1. Residues in region 43-66 that are open to solvent by 10 Å² or more (accessible area, probe 1.4 Å), touching a Gly at 6+ places or on another chain (Cβ under 9 Å) and at positive phi: how many?
2. I'd like the residue in region 1-11 that is more than 14 Å from the chain's Cα centre (by Cα) and farther than 14 Å from GLN75 by Cα and, out of all such residues, is least open to solvent (accessible area, probe 1.4 Å).
3. Which one is farthest from MET69 (Cα to Cα), of the residues in region 22-54 that are in contact with a Lys or Arg (Cβ under 8 Å, 6 or more places away or on another chain) and part of a strand (DSSP E or B)?
4. Which residues, counting only those in region 43-57, are closer than 20 Å to ASP82 by Cβ and not hydroxyl-bearing (Ser, Thr, Tyr)?
5. Just checking, does region 87-107 include any residue being under 25 Å from LEU122 (Cβ atoms), modelled with pLDDT under 85 and outside any helix (DSSP H, G or I)?
6. Based on this model, can you work out whether VAL76 counts as in contact (Cβ under 8 Å) with a residue 40 or more places away in the chain and crowded, with 19+ Cβ neighbours inside 10 Å?
7. Kindly check whether there is at least one residue in region 31-42 that is within 18 Å of ALA85 (Cβ to Cβ) and surrounded by fewer than 19 Cβ atoms within 10 Å (Cβ to Cβ).
Amino acid sequence: MTQTIRVDIVSAEAEIFSGDATMVVATGEIGELGITPRHAPLITRLKPGHVDVLLASGERQQFWVSGGMLEVQPQVVTVLADTAARAADLDEASAQRAKKEAEDALANRTDAMEIAEAQAKLAEAITQLQALERLRKNLKH
């Protein structure tokens, strides 16, 4: 019997995923994290990017988070994010527009606050596009 761990991915708006998995992969502050059943307890910040959930059936569920926190407890992994979405639900055209707008804002920067906001929006758009690219690659396999 395959061991699993409960996974909950929650955004400020809604619960995005709740189920059992054999592995969770996310981008933490210091790099990629692979969480499997019986992993040591852990709390870390997440960078904007992907969260992959490997189900016991072998199916891979892919998500995008704007950043947030990841908590590992003996029986559950919880991802808390301001914004989260299934990778398949991301809109590439919107992400491309947001990226262009952020790049334009950086080119026409006026003060430090506007620069920081534009950089954050650019990072968010880029990570959404990367999540879409990862999804496309996995669909080809």
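1. 0
2. Looking at the filtered set, the residue picked out is THR2.
3. Applying the filter and picking the extreme gives LEU54.
4. Correct list: ILE43, ARG45, LEU46, LYS47, PRO48, GLY49, HIS50, VAL51, ASP52, VAL53.
5. Looking for residues that are under 25 Å from LEU122 (Cβ atoms), modelled with pLDDT under 85 and outside any helix (DSSP H, G or I), one finds at least one in region 87-107, hence yes.
6. No.
7. no
The values are calculated or read from the model by the stated rules, or taken from the named source; none is laboratory data. None of these values were measured; they are calculated from a predicted model. Heads up, the Cβs are rebuilt from the backbone with ideal geometry, glycines too, and the neighbour counts pull from every protein chain shown. With ligands, DNA and RNA removed, areas are computed over all heavy atoms of the protein, side chains included. Shrake-Rupley method; radii C 1.70, N 1.55, O 1.52, S 1.80 Å.
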